[in-house]
Structures are given as C-alpha cells and as structure tokens.
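Participant: To start, I am sharing the structure in question, which I have written as structure tokens.
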Amino acid sequence: MIELPLSPWTALLLGWLGAALVMAALWAVQLRTRDASAVDVAWAALLGVLALFYAAVGDGDPQRRLIVAVLTALWSFRLAGYLLVNRVIGKPEDGRYQALRASWGKNAPRNFFLFYQAQAAFDAIFSIPFLVVAFHRAPGLAWTDWAGAAVIAVAIVGESVADRQLARFRADPANRGTTCRAGLWKYSRHPNYFFEWLHWWAYPFLAAGSPWWWVTLLGPAFMLYLLFKVTGIPATEAQALRTRRDYADYQRTTSAFVPWFPRRAARTP
C-alpha cells in the first residue's frame with residue numbers, strides 16, 4: 001500500500017509510468033484505426049491528470065496545491081476537449097500524422113510507438129513545474145501565488161478566444177483553402193500557441209520561494225523550443241503552405257508568435 005505523501009521523485013516516476021501506459025494503449029488503438037490524431041488530446045489531458053495527482057500526493061501548502069490542481073486541470077482539459085471536438089471526432093487523420101505515416105512506410109508501427117512514448121516522456125517533463133508547486137511548503141499564499149493564478153487565467157481566456165475564432169472561421173465552407181485573420185489571428189499567426197506558452201510562466205510565480213523554483217523555468221523554455229524547432233510552428237506552417245493559397249502572404253505580414261500589429265504587404269512592382 002502506498003503511503004502519502006509521496007516523495008517528489010516517486011510521484012514523478014509514477015506519473016511517467018501512468019502516462020506511458022496510456023500512450024501504449026492509444027498506440028494499440030491507432031494500429032487498428034490508422035489515425036494518430038488522438039495523441040494530441042491525450043498529451044493535453046494527461047498534463048491535467050498529473051497536476052491533480054501531484055496535488056493529491058504532495059505535501060506542499062494545501063491552498064497552493066488547490067490552485068495548481070484546479071487551474072492547471074482547467075487549462076489542460078479545456079485544451080484536450082477543444083482538440084477532441086475540432087480535430088478528432090468526425091475528422092480525418094491530422095495532416096501532420098498522415099505525412100509521417102507516408103514517409104515512415106512499413107516502419108510506421110514501430111516509429112509511432114516511439115513517438116507515443118516520447119509524448120509520455122514530454123508529459124512527465126512538462127509536469128515537473130506542477131510537481132515543484134505541489135511540494136512547495138511555504139505556508140499561506142503570497143502575491144506571487146495570486147500573480148501565477150492570474151497568468152493561468154489570462155492564458156486560458158486568450159487561448160479559448162483564439163481557438164473559438166479559428167473554429168468559427170473553419171466552420172464556414174467559403175473559407176476553405178484560406179487563412180483565418182479574424183480577431184487575435186490578425187495579430188499573430190499562432191495566438192493559441194502564444195497563450196499556451198504564456199500559461200507556463202505561471203509556475204515560476206507559484207513556486208517562488210521554493211529551493212527548486214528555478215526548475216519551473218524549464219516549462220516556458222522547453223515549450224518555446226518545441227514550438228519553434230520541433231512539433232509546433234514548423235510542422236503547422238509547412239502544412240498551411242501546402243493547403244492554403246494565401247499563407248505565404250500571411251507569413252510576410254503577420255507576427256509569427258507574439259501578438260503585434262500586422263505589417264503592410266510589400267507592393268508588387
């Protein structure tokens with residue numbers, strides 16, 4: 001029988017093992033369906049599950065654990081629900097995974113298993129800021145805790161608005177093959193990514209005063225790297241250039257990440 005509270009290392013190990021098992025099960029499902037899109041939903045949802053788990057088994061201040069449990073789970077499950085409804089249910093496999101499946105050929109089953117397990121590892125790595133907050137023992141809440149809660153709230157609202165604006169644009173058949181420039185998408189090519197990244201800045205505030213607070217900086221740093229160098233912006237924009245006739249012009253005139261005023265399109269001679 002497991003005794004509570006757990007040590008941080010035990011909690012992290014159990015969290016990673018749980019995520020790995022979930023991803024293995026989903027990999028087995030995609031062998032039959034030949035659709036890997038649900039991996040994105042699982043990645044987002046597992047972060048919320050891990051936040052709830054750490055808050056339950058941690059020995060930090062109860063109020064701070066409640067903040068990280070409720071707000072992180074709200075952010076995580078909202079994102080997972082959006083992805084499930086708008087990119088999985090009734091939709092073909094995401095174009096990124098179709099391209100991977102085609103390029104991997106007969107090695108696709110093995111490579112997708114490794115990919116799914118990499119997502120489980122990323123879940124564990126990205127959950128470390130939640131872990132630090134859940135085991136932060138400083139009693140009571142300081143202004144930094146309220147600042148952290150405010151950052152998460154702003155991020156949830158901003159990402160929700162961006163997702164809703166994009167979903168509304170895509171729902172109109174007249175917009176097929178064109179790029180959304182409505183609302184926040186006028187000022188950033190990826191406002192949803194920006195607010196997702198902003199969310200990770202909440203945990204350095206919530207962990208302020210902990211000897212391990214600096215570890216929480218891994219969240220925004222690693223997320224920024226992934227968004228710009230790995231699975232985020234490069235893959236999304238490559239797919240957009242293949243499928244949207246106006247995307248190159250959108251790239252020239254619109255900020256890639258941080259919302260900012262659009263640039264004027266260059267005049268054609």
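Just so it is clear, none of the values below were taken in a lab; they were calculated from the coordinates. It should be emphasised that the depicted structure is a prediction, and the values quoted were computed from it without experimental measurement. Here the Cβ is made from the backbone with ideal geometry for all residues, glycine too, and neighbour counts use every protein chain on show.
Participant: Can you name every residue in segment 141-164 that is within 19 Å of GLY60 (Cβ to Cβ) and out of contact with any helix residue (DSSP H, G or I) (no Cβ under 7 Å at 6 or more places or on another chain)? Show your work before the answer.
Facilitator: Taking segment 141-164 first, the residues within 19 Å of GLY60 (Cβ to Cβ) are 141-149, 151-152.
If the condition is that a residue be within 19 Å of GLY60 (Cβ to Cβ) and out of contact with any helix residue (DSSP H, G or I) (no Cβ under 7 Å at 6 or more places or on another chain), then ALA142, TRP143, TRP146 are the ones that fit.
Participant: What residue, of SER160, SER188, is touching a residue at least 60 places away in the same chain (Cβ under 8 Å), in a loop (DSSP other than H, G, I, E, B) and of a type in the set (S, T, N, Q)?
Facilitator: Checking each option against the conditions leaves just SER188.
Participant: Any idea how many residues of segment 171-180 are out of contact with any Asp or Glu (no Cβ under 9 Å at 6 or more places or on another chain) and surrounded by 13 or more Cβ atoms within 10 Å (Cβ to Cβ)? Please lay out each step first, then the result.
Facilitator: Here is the first cut: in segment 171-180, the residues out of contact with any Asp or Glu (no Cβ under 9 Å at 6 or more places or on another chain) are 171-176, 180.
In the following step, the residues that additionally are surrounded by 13 or more Cβ atoms within 10 Å (Cβ to Cβ) were identified as 175, 180.
So the answer is 2.
Participant: May I pose another question? Any idea how many residues of segment 123-157 are touching a Leu at 6+ places or on another chain (Cβ under 8 Å) and assigned to a helix (DSSP H, G or I)?
Facilitator: Taking segment 123-157 and keeping what is touching a Leu at 6+ places or on another chain (Cβ under 8 Å), we get 123-131, 133, 136, 144-145, 148-149, 151-156.
From the residues that got through so far, the ones that are assigned to a helix (DSSP H, G or I) too are 123-126, 128-131, 133, 144-145, 148-149, 151-156.
So the count comes out to 19.
Participant: Right, here's the next one. Name the pairs whose Cβ atoms lie under 9 Å apart, with the first residue in segment 74-93 and closer than 20 Å to ASP123 by Cα, the second of a type outside the set (A, V, I, L, M) and surrounded by fewer than 16 Cβ atoms within 10 Å (Cβ to Cβ), and 6 or more positions between them or separate chains?
Facilitator: Close Cβ pairs satisfying both conditions: TYR82/ARG164.
Participant: Looking only at segment 181-200, how many residues end up being buried (at least 20 other Cβ atoms within 10 Å of the Cβ) and either among the aromatic types (Phe, Trp, Tyr) or touching a Cys at 6+ places or on another chain (Cβ under 6 Å) (or both)?
Facilitator: Let us first name the residues in segment 181-200 that are buried (at least 20 other Cβ atoms within 10 Å of the Cβ), namely 184-185, 188-197, 199-200.
With either among the aromatic types (Phe, Trp, Tyr) or touching a Cys at 6+ places or on another chain (Cβ under 6 Å) (or both) added as a condition, the list becomes 185, 193-195, 197, 200.
Residues meeting the conditions: 6.
Participant: Buried (at least 20 other Cβ atoms within 10 Å of the Cβ) and closer than 22 Å to GLY232 by Cα - does that describe any residue in segment 131-140?
Facilitator: no
Participant: Search segment 165-184 for residues being assigned to a helix (DSSP H, G or I) and touching a helix residue (DSSP H, G or I) at 6+ places or on another chain (Cβ under 6 Å), and hand back the single one that is nearest to ASP246 (Cα to Cα).
Facilitator: Our first condition is that a residue be assigned to a helix (DSSP H, G or I); within segment 165-184, this holds for 165-171, 173-175, 183-184.
Remaining after also requiring touching a helix residue (DSSP H, G or I) at 6+ places or on another chain (Cβ under 6 Å): 165, 167, 169, 175, 183-184.
Values: GLN165: 18, ALA167: 18, PHE169: 15, ASN175: 11, GLY183: 18, LEU184: 18 Å.
The extreme case among them is ASN175.
Participant: Anything in segment 158-207 that is under 21 Å from TYR225 (Cα atoms) and of a type in the set (S, T, N, Q)? List them, or say none.
Facilitator: Correct list: SER188, ASN192.
Participant: Can you tell which of ARG252, ARG245 is part of a helix (DSSP H, G or I), more than 24 Å from the chain's Cα centre (by Cα) and surrounded by fewer than 16 Cβ atoms within 10 Å (Cβ to Cβ)?
Facilitator: ARG252
Participant: Restricting to segment 205-225, count the residues that are in contact (Cβ under 8 Å) with a residue 40 or more places away in the chain and either small (Gly, Ala, Ser) or not in a loop (DSSP other than H, G, I, E, B) (or both).
Facilitator: Within segment 205-225, residues that are in contact (Cβ under 8 Å) with a residue 40 or more places away in the chain and either small (Gly, Ala, Ser) or not in a loop (DSSP other than H, G, I, E, B) (or both) number 13.
Participant: Pairs under 9 Å by beta carbon, first residue free of Cβ contacts under 8 Å to residues at least 60 places away in the same chain in segment 240-258, partner part of a loop (DSSP other than H, G, I, E, B) and of a type in the set (A, V, I, L, M), six or more apart or different chains?
Facilitator: Every condition considered, the pairs that remain are ASP249/ALA265; ARG252/ALA265; ARG252/ALA266; THR253/ALA265; THR253/ALA266.
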